[in-house]
Amino acid sequence: MEGPGYYGGMNTELGEPTPAPEPAEAAPANAAKKAAKKAAKKAAKRAAKKTAKKAAKRAAKKTAKKAAKRAAKKTAKKAAKRAAKKTAKKAAKRAAKKTAKKAAKRAAKKTAKKAAKRAAKKTAKKAAKRAAKKTAKKAAKRRSAKKAAKRSTRR
């Protein structure tokens, strides 16, 4: 390229001045429009990305919260179940002990009653035997006395 400036030189081959480019005002306006469009697109993209990130974060937080709640509920349920089981076991044990104690008491009472009855019967039997023996002895004495008296009156 020859001559002064970028576009100011002569076209050496044809000997004509170099043609000037399209109007200078049109290009910058178009370029500005394009740049503005690009910037708007970029901003929209960035905003969308931010929104998506925020939404994802919120969703993750919600999910985590829900999971934590569920886990807490499960743990609480398990603990309650275990406690209930323990209480039930204790109550059952206590009831069984009570029943066993009652049964033992009843059995002991029955045995004592039986033993007392048996002892009373034995004592009564012994007393009756003694009384019968005494009566028999007395009767024999009387008889022998009568016999002796008869003998003495005969002589």
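The values are calculated or read from the model by the stated rules, or taken from the named source; none is laboratory data. Everything quoted here is computed from the prediction, not taken from an experiment. These accessible areas exclude ligands, DNA and RNA; they are computed on the full protein's heavy atoms, side chains included. Shrake-Rupley method; radii C 1.70, N 1.55, O 1.52, S 1.80 Å.
What about residue 72, is it in a helix (DSSP H, G or I), more than 31 Å from the chain's Cα centre (by Cα) and modelled with pLDDT of 95 or more? No, not satisfied. Can you tell me which residues in the range 1-58 are modelled with pLDDT of 90 or more and polar (S, T, N, Q)? Of everything in the range 1-58, just one residue is modelled with pLDDT of 90 or more and polar (S, T, N, Q), namely 51. Condition test on residue 89, is it of a type in the set (D, E, K, R), open to solvent by 90 Å² or more (accessible area, probe 1.4 Å) and more than 21 Å from the chain's Cα centre (by Cα)? Judged against the criteria, residue 89 is not a match.
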